[in-house]
Structures are given as C-alpha cells and as structure tokens.
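All remarks here apply to the structure that follows.
The values are calculated or read from the model by the stated rules, or taken from the named source; none is laboratory data. All of these numbers come straight from a predicted model, not from anything done at the bench. Here the Cβ positions follow ideal geometry from the backbone for every residue, glycine too, while neighbour counts run over all protein chains shown. The area values use the complete protein model at the heavy-atom level, side chains included, leaving out ligands, DNA and RNA. Shrake-Rupley method; radii C 1.70, N 1.55, O 1.52, S 1.80 Å.
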Amino acid sequence: MSDELRFADLTEDQLPEVIRIRARSFGLIKPAQQEGWLADAREFVANGRFFGVLAGDRVVAAARIWDFEQWWGGRPVRMAGVAGVVVSPDYRGRGVGSLLMRGVLERGKALGYPISALYPATVVIYRHLGYEFAGGWYKFSFPAADLRLLGGKDVKLRPGTPDDAELLLDLVASVRGPARENGILRWPVDKVRDWLAEDDNFVYVAEDGFTAYTWDGSELRVDELVAGSEATARALWATVGSGSSTAKTVSAYLSPQDPIHYLLQHEAAAEVNYQRWMLRLLDAPAAIAARGWNPAVSVDTEFEIDDVEMPANSGRWRLKVSNGSGELIPASGTTPAPRLSARGVAALFAGTALSTLRASGLASGGGAEDDLRLDAAFAGATPYMLDYF
Ligand SMILES: CC(C)(COP(=O)(O)OP(=O)(O)OC[C@H]1O[C@@H](n2cnc3c(N)ncnc32)[C@H](O)[C@@H]1OP(=O)(O)O)[C@@H](O)C(=O)NCCC(=O)NCCS
C-alpha cells in the first residue's frame, strides 16, 4: 500500500495506535483510566465521529467530534465539539494536522452541525481553518465563609439522583433560555445521568434550580449552579458554603456575569482561571437560523463572507432578525457592505463588536451604519462554558 496520506474514519482496532500518539502528545493515559478511555473511544467509533489520517495503513493523526448542543441567544444549537487532535511527532509540521482538520470540518457539516467549537492547545492551525476566539472557561474562587451566610433557608432542597438528569436539563433551559445565554454546552442526557451517578458529585435540587459540586483537593468546587430566583441562588450557594469549617475556599465554574458576583459582600479572589475556546461556523445560514436572538431587536442588513475553507459560506448575504428569529438569505446588492473572513464571522456570531473585528483585520468595507446594525443584532451575554472537553 502506498504511503499517501488520507483522511479516514477510524476503526476499533486502530485505537491502540491512537493511544500511542496521544501518549506522545498529551502524556500517558494512566493504566486505571485506560479502560474508561477505550470505552469512550469505542462509542465515538461506533457513532462515526472518530477520525484519523492514515499513511498507508498506519494511523498518524486522530481527532474526534463530541455531539454537543451549545446555547446561543438562549437556544441550543447542534455543535461539533472537536477534541483530541493529535499528530504523530514524526509527521508534524508537514500539513497533516491541517489535512485532518479539513476532513473534520467537512464531516462535521455533513453530520448536520451548523457550528463547531474547540479548546486550542495552539491557535495557529485553527485560525488558518477559520476558527476564532469566542468565549472562555472561567473559574472563580470565593471564601466559603461568605457563601455560608447567604441565607435562603426557606428554600427546600433535596439530594439529586441519576433520575433527575432530564429535570436538570429542563431547569437549565428554563433559566439559561430566557436569559439568552451564550456558549454553555448541553450534554447528552445519558452523560448527565452518568455524571449524577458519580459518588463524588454532590447534587442538591430546588424547585427552580440545582447545584452540583465536589471536592477539589482541600477546596470545594462548584461544577454547575443554576437558580431561577434570588432565594434559590442564596440557598444553593449557602449549602455549598456550609462546608466552610473544612473547606476555606469554594471555586466555581461560572459566567463572569453570574448573579453570585453581585450577591456576595466580598469580591471573588482577584486571580481568575481563564481558558479560551474557539468557534467556527460550518454552515452559516443554518447557524443563523438555529440560534436565538433578542426579540426586541429588528435588523435587516447585508454583509459579505469570505470563507476560503468552506466556500458555501462565502458570498453576499442579507441578515434579517425579527421576533427572536434570524435568517441569512443570499443577496445580490452592490452597495458597499462589510466583508468578514471566516474568523470574523465566527467572532461576530459570539458577539464581538465590529470595532474589534475591524481593528484586528477580520472585517473591512461598509460603513458605520452597517456596524451599528450588526452590533445590535449580535450583542448578548458574554459567552462562557462550564466544562473542558
Ligand atoms: C498541534 C498539532 C495537531 C499540529 O499538527 P501539524 O501536523 O504539525 O500541523 P500542520 O503542519 O498542519 O500546521 C498547520 C499550521 O499550524 C502551525 N503549527 C503547528 N503546530 C504548532 C505549534 N505547536 N505552535 C505554533 N504553530 C503551530 C504550523 O506552523 C502551520 O502554520 P503555518 O502554515 O502558518 O506555518 C500537532 O503539533 C500535535 O499533535 N501537537 C501535540 C498535541 C496538540 O497540541 N494537539 C492540539 C490539541 S488542541
């Protein structure tokens, strides 16, 4: 067989090769975790979401797509979460990573995902392919003693069980949806159920919210806290803070705009752990149609997209936003209009102001009125995630 490089779906018997490349890319998978990794990987293979590059019959690169939904403008949008991108060291710097990622983009679109997101270990390769920074994974720290005193004692809480998986997803939707939040992942319900079954995941549920927290060394760490009212927010945070005799600090994955920042007497520790993630539109019209929009905003404007990697996104478009829905229609106008690269339109989708896009070379052309309309359409809550993948 020739050593020509080709993109391919991976099979189960190729997973040991992937493990070897991973070891050389991210470090060894601990023996105790190998079975879990393999079980997970087999699921990706079975679902046609584990890909590689073959040189002859040797696997020299791999990546997978998580089947996620991601909240945008308060609506969940199907999102291809790209992870585990690895190239064998002896094949790096020769375009193999790019070949792999081009295949992943094509497959992601064919599988029906209008958007894709990833956590970059290095941004260069992803920028070349049209991804741009869109949001962050924030971890704040609070004194447990302050949380303990937040009150909310009249709110009834009960321990959560794996049977609550669907309820928790509904609670998230009822709070995050109307708030038109951006960026958070919606995990498949069976993954939520597995997560709830973990012994070190402490879950308490209220009528309009819940929290899930755990030990992180000698600290407590809140992995998710959703509250539909001030009283419930107080009750859930105070419950976590009730551990203050043994845990001095509570860390939490949160939005930088989470209500807790406004409820607490003292600000969070100045040091915030922050990791950026990137976004790409795989199918621009589908992405615009799937996401939510501020129902009070009506916009009708035109712009151009120049997307070298995914040319179906390229061309002149008319964006119409009204009554909380949006559509992107091919347009043929000849008046000057803003022109955005693939990276530019990804950042715009995530709410980045036109002034930033212009100053970083991601947008050009058109005029100030166009910018005002696009800014008004895409403005929204700061995008954030609660988890790494
Ligand atoms: C990152 C990785 C996947 C890139 O694969 P690759 O086959 O070397 O990538 P390519 O040859 O297609 O390079 C594409 C572009 O990315 C750049 N690039 C690749 N690795 C880079 C790095 N470590 N730092 C900065 N730029 C890098 C290349 O220079 C090239 O840009 P250029 O055309 O402007 O020169 C590979 O180095 C790898 O497996 N690293 C270890 C694991 C890892 O970090 N994975 C990424 C997880 S998100």
### Query
Across region 137-165, what is the total count of residues that are open to solvent by 40 Å² or more (accessible area, probe 1.4 Å) and over 28 Å from MET278 (Cα atoms)?
13
### Contacts under 6 angstrom Cβ, first residue in region 14-26 being closer than 15 Å to PRO89 by Cβ, partner away from the ligand (no atom under 12 Å from the Cβ) and of a type outside the set (Lys, Arg), 6 or more apart
GLU17/VAL59
### Summary
Residue hits (region 102-131; in a loop (DSSP other than H, G, I, E, B), open to solvent by 50 Å² or more (accessible area, probe 1.4 Å) and within 15 Å of the ligand (Cβ to nearest atom)) are ALA121, THR122
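So is ALA134 touching a Ser or Thr at 6+ places or on another chain (Cβ under 7 Å), more than 13 Å from the ligand (Cβ to nearest atom) and either assigned by TED's automatic domain parsing to the domain that holds ILE21 or open to solvent by less than 40 Å² (accessible area, probe 1.4 Å) (or both) or not?
Values: touching a Ser or Thr at 6+ places or on another chain (Cβ under 7 Å): no; more than 13 Å from the ligand (Cβ to nearest atom): yes; either assigned by TED's automatic domain parsing to the domain that holds ILE21 or open to solvent by less than 40 Å² (accessible area, probe 1.4 Å) (or both): yes.
The answer is no for ALA134.
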### Query
Based on what the data block shows, is ALA197 open to solvent by 10 Å² or more (accessible area, probe 1.4 Å) and in contact with a helix residue (DSSP H, G or I) (Cβ under 8 Å, 6 or more places away or on another chain)?
yes
### Residue among SER245, SER229 that alone is more than 30 Å from ILE65 (Cβ to Cβ) and open to solvent by 60 Å² or more (accessible area, probe 1.4 Å)
SER245
### Message
Looking at region 27-44 only, could you name the residues that are open to solvent by less than 80 Å² (accessible area, probe 1.4 Å), closer than 24 Å to ARG92 by Cβ and not aromatic (Phe, Trp, Tyr)?
### Response
GLY27, ILE29, ALA41
### Query
Within region 50-72, is even one residue open to solvent by 10 Å² or more (accessible area, probe 1.4 Å), in contact with a Ser or Thr (Cβ under 9 Å, 6 or more places away or on another chain) and more than 12 Å from the ligand (Cβ to nearest atom)?
yes
### Query
Got a sec? Which helices (runs of 4 or more DSSP H) wholly within region 275-389 have at least 3 residues that are more than 25 Å from GLY81 (Cβ to Cβ), open to solvent by less than 60 Å² (accessible area, probe 1.4 Å) and in contact (Cβ under 8 Å) with a residue 24 or more places away in the chain?
368-378
